[in-house]
Number of protein chains: 2
Amino acid sequence: MPETPRRAVGISGNRYGNRPTMKDVAARAGVGLKTVSRVVNGEPGVTPETERRVQEAIDALGFRRNDSARVLRKGRTATVGLVLEDLADPFYGPLSRAVEEVARAHGALLINGSSAEDPDREQELALALCARRVDGLVVIPAGDDHRYLEPEIKAGVATVFVDRPAGRIDADCVLSDNFGGAREGVAHLVAHGHRRIGFIGDMPRIHTAAERLRGYRAAMEDAGIAVEDAWMSLGATDPGRVRRAAEEMLTGPAPVTAVFSGNNRVTVTVIRVLAEQSRRTALVAFDDLELADLLQPGVTVVAQDAAAIGRTAADRLFRQLDGTLIAPERIEVPTRLVTRGSGELPPAD
Amino acid sequence: MPETPRRAVGISGNRYGNRPTMKDVAARAGVGLKTVSRVVNGEPGVTPETERRVQEAIDALGFRRNDSARVLRKGRTATVGLVLEDLADPFYGPLSRAVEEVARAHGALLINGSSAEDPDREQELALALCARRVDGLVVIPAGDDHRYLEPEIKAGVATVFVDRPAGRIDADCVLSDNFGGAREGVAHLVAHGHRRIGFIGDMPRIHTAAERLRGYRAAMEDAGIAVEDAWMSLGATDPGRVRRAAEEMLTGPAPVTAVFSGNNRVTVTVIRVLAEQSRRTALVAFDDLELADLLQPGVTVVAQDAAAIGRTAADRLFRQLDGTLIAPERIEVPTRLVTRGSGELPPAD
DNA sequence: TAGGGCCTGGACAACGTTGTCAGATGCGGG
DNA sequence: CCCGCATCTGACAACGTTGTCCAGGCCCTA
């Protein structure tokens, strides 16, 4: 028997491309609407015989429950939103995947959105997600004012900020120990005899960049080294800018003998520049990179565990939804110094 | 005036944490429901004075439209789904981001889901997305039978398969030229004097792995080389398996003098193994890697453009939704051989 | 001043589902 | 033989929005 083409003559008016609804299933099975609902949701109170009839109708019609309607009725979407900077950045892939896994364990799906480091876009995205009534929101802030989320949080949207703290509101945060990590990394260079150490980082308005710079300054101060302005360069992470910054530091009468790179985007360019130099310059980088151990020399890094951060954040999100969590907290995830060679080079002069 | 706490005594019954609805806004502004709807959607036919009153009420109550209800009414969710293998894989991050950008240009959001290369999970995910009535679906297949999507496609869900073709249904596909790319890569090794060339790839049931193997065989045949079984190893991409495979090929009386790596996960392990060997073995790898140019020697790769693939797929998706597209097509995106040194090493014996 | 057209605003139904509640059915015991 | 109870089933309202349609008021013209 050829399947009946439901895509009728053009009348119908049923959107969703003429999809069958529970009503259609009910009619076909000769039962009430609610009975279909019960079967679909595996609720008790349906005779096997009835269930069989309903199931048959479902299969015959190719029915699939419309979760939009369900959501409207139930009030929970089983969806969480993740606003990050750029999914193409290798730091965020694993983070997103970790959030997804936790969500999956709670039966929820994940909507990803990239803010491209633009505060307006972050807000637009976060609010669009709220309009869809996501149950929770994980935000990697681009902006520094998140009061726009206050009504949403009050209305019950679980919210966790990651990688950078929330601005001007009190909320859960999961952060790396940026300050401590950078300090440790720079101290490592100092311990190997360096005094003129450069710092190349992201834009200073970004919290992580500022914290890592602070860590750099602290380590230098610990060592009793007066930092010169020419040793520090903060700005966009595009290769051109980073390249110029690195080249400037490496030339002149008193070039730096070591560089601390504040971010994985910066690192890849710095490595390229250093590879071109005749003099060997030491390097410690914030964030691990794939293959970093295979370069000559291996790149010493301050590693963050993106997956652990994502997992922690998502856990907290769902605990907020459970009601297990009361007060917002700031959680710091430790970093780990991984020595591979580039950080152990002695000063070249 | 302190804002009225709508989180009332526990009665109310309003889910969504007591959110105000258009009805509340209408009551407060002293207008009809539809007028609020008009204001919210920027529809014409509202006097500036009325609009002001409504806007005031919206702000005062912190109203935000419930898109779940909107979706139910309108039949379009402005959401697309992307089922991929693993967002943590550096190949998929850029791909996902590209899909997201195109979706964003069409006012849509993106739900990502990882199948972890498990066909059942792929199906579960894809169908869950359909239940949410995504407008379209981009699928990177894990399984090889996609008939389960037939009713959905018939019901109007735009669908594009990426990276691997759809199984047993006729649908749009966007693929890399896996066969041609691998053939070119292996031919490159042959051209540099190699005859005993190994192939290490992903599980053979995966289309890309099979195609790349086919490309390998073709190139070998072109060169009149009889391939020995010991030169080929297909299987999981976990480091242990790959390491054993590589080490086997590289030992014995007639070890391979060059390796073709069929996938980026495989490549990182192969590079590690080769780096440990005393003998220099040539390498060409399918898929580019960050920093591949900085290794010693630089890794010669057959590069795929993940972003272009994602963009192409998403474009087609929205053209399906426009109705611009009629017949399913299979689009092949060319690969590009990038020579960096590892592929140009001569045979070591 | 009456009539007609235009503009604004609002009542109402509908989208597809689930929760509530009451009705129907069957069975066993008094 | 009838009643009561347990089990199964279905009618109906509600979720929050948007599309349809009509009412009323205004202005302009004859």
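The values are calculated or read from the model by the stated rules, or taken from the named source; none is laboratory data. Bear in mind the structure is a predicted one, so any value in this text is a computation, not a measurement. As a convention, Cβ positions derive from the backbone with ideal geometry for all residues, glycine included, and neighbour counts pool all protein chains shown. When the accessible area is computed, the model is the full protein with side chains, heavy atoms only, and any ligands, DNA or RNA have been set aside. Shrake-Rupley method; radii C 1.70, N 1.55, O 1.52, S 1.80 Å.
Overview of results
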{"quantity": "Shape call, the protein assembly as shown: gyration tensor on alpha carbons, a/c limit 1.5", "calculated": "oblate"}
{"quantity": "Cα centre as origin, Lys/Arg/Asp/Glu Cβ charges: chain B dipole, Debye", "calculated": "1600 debye"}
{"quantity": "Cα-based Rg and Dmax for segment A:15-65, where Dmax is the largest Cα-Cα distance (Å)", "calculated": "10.2, 33"}
{"quantity": "Cleavage-rule hits, trypsin sites (Lys or Arg not before Pro), segment A:97-182, DSSP coil, Cβ neighbours within 10 Å at most 14", "calculated": "A:Arg168"}
{"quantity": "For the protein assembly as shown, share of DSSP beta bridges that run antiparallel, in % to the nearest 5", "calculated": "10 percent"}
{"quantity": "Among B:Val160, B:Val39, B:Val83, residue whose mean-square fluctuation peaks in a GNM of chain B (springs only between Cα atoms under 10 Å)", "calculated": "B:Val39"}
{"quantity": "Cα long-axis angle, helix B:306-322 against chain B (0 to 90 degrees, to the nearest 10)", "calculated": "40 degrees"}
{"quantity": "Between segment B:55-83 and segment A:285-337, the alpha-carbon center distance in angstrom", "calculated": "33 Å"}
{"quantity": "Charge dipole of the protein assembly as shown about the Cα centre (unit charges at C-beta), most positive-ward option of B:Tyr216, A:Ile197, B:Ala308", "calculated": "B:Ala308"}
{"quantity": "Rounded to the nearest 10 Å², the accessible area of A:Leu325 at probe 1.4 Å", "calculated": "30 Å²"}
{"quantity": "Charge dipole (debye, nearest 20) of segment B:15-65; +1 at Cβ of Lys and Arg, -1 at Cβ of Asp and Glu", "calculated": "280 debye"}
{"quantity": "12 Å beta-carbon shell around A:Phe179, net charge (K/R +1, D/E -1)", "calculated": "0"}
{"quantity": "Debye equation applied to the C-alpha atoms of segment A:178-305, log10 I(q)/I(0) at 0.13, 0.18, 0.19 Å⁻¹", "calculated": "-0.44, -0.89, -1.01"}
{"quantity": "MRE, 222 nm, helices only [DSSP H, n ≥ 4, -39500 (n - 2.57), over chain B, to nearest 500]", "calculated": "-12500 deg cm²/dmol"}
{"quantity": "Segment B:172-208: trypsin sites (Lys or Arg not before Pro) falling in loop per DSSP and having at most 14 other Cβ within 10 Å", "calculated": "B:Arg205"}
{"quantity": "Only Lys, Arg (+1) and Asp, Glu (-1) charged, at Cβ; the protein assembly as shown dipole about Cα centre in debye", "calculated": "2660 debye"}
{"quantity": "Set of segment B:185-199 residues, backbone N closer than 18 Å to the point 7 Å along the Cα-Cβ line of B:Asp229", "calculated": "B:197-199"}
{"quantity": "Nearest-ten-degree value, helix B:119-131 long axis tilted from longest Cα axis of chain B", "calculated": "20 degrees"}
{"quantity": "Where only C-alpha atoms are counted, convex hull volume of segment A:147-220 per residue in Å³", "calculated": "81 Å³"}
{"quantity": "Buried area at the A-B interface (accessible, heavy atoms, 1.4 Å probe, summed, Å²)", "calculated": "6000 Å²"}
{"quantity": "Overall Cα dimensions of chain A - principal axes, largest extent first, Å", "calculated": "90, 46, 35"}
{"quantity": "Spherically averaged projected area of segment B:9-110 from its Cα convex hull (nm²)", "calculated": "9.7 nm²"}
{"quantity": "DSSP-defined antiparallel bridges as percent of all bridges, segment A:227-349, nearest 5", "calculated": "25 percent"}
{"quantity": "Out-of-range pairs (alpha-carbon distance over 21 Å; input A:Lys34/B:Lys23; A:Lys23/A:Lys74; A:Lys34/B:Lys34; B:Lys23/B:Lys74; A:Lys74/A:Lys154; B:Lys34/B:Lys74)", "calculated": "A:Lys34/B:Lys23; A:Lys34/B:Lys34"}
{"quantity": "Carbon + sulfur, % of accessible area of chain B - ligands and nucleic acids excluded, 1.4 Å", "calculated": "51 percent"}
{"quantity": "Farthest toward positive dipole pole in segment A:178-305 [+1 Lys/Arg, -1 Asp/Glu at C-beta], among A:Pro253, A:Leu283, A:Ile206", "calculated": "A:Pro253"}
{"quantity": "A:Tyr148-B:Gln296 FRET efficiency (beta carbon distance; Förster radius 41 Å; 0.05 resolution)", "calculated": "0.25"}
{"quantity": "Which of B:His188, A:His106 is most accessible, then next, and so on - probe 1.4 Å", "calculated": "A:His106, B:His188"}
{"quantity": "Distances in nm from A:Arg336 to the matching label points in the other copies, shortest first (labels 7 Å along Cα to Cβ)", "calculated": "3.6"}
{"quantity": "Label-point separation, B:Asp170 to A:Ala131 (7 Å along Cα→Cβ), nm", "calculated": "3.8 nm"}
{"quantity": "Shortest-first nm distances, A:Gln55 label point to equivalent points in other copies (7 Å, Cα→Cβ)", "calculated": "5.7"}
{"quantity": "Cβ-based charge dipole, segment B:15-65, positive-most Cα from B:Asn18, B:Gly62, B:Pro44", "calculated": "B:Asn18"}
{"quantity": "Average other protein chain Cβ within 10 Å of Cβ, residues B:265-271", "calculated": "1"}
{"quantity": "Label point 7 Å beyond Cα along the C-beta direction, distances from A:Glu221 to other copies (nm, shortest first)", "calculated": "7.1"}
{"quantity": "With Cα atoms, 0 to 90° folded angle of helix A:178-191 axis to chain A main axis", "calculated": "30 degrees"}
{"quantity": "Listed residues A:Val268, A:Val102, A:Val40, most fluctuating in chain A (Gaussian network, C-alpha, under 10 Å)", "calculated": "A:Val40"}
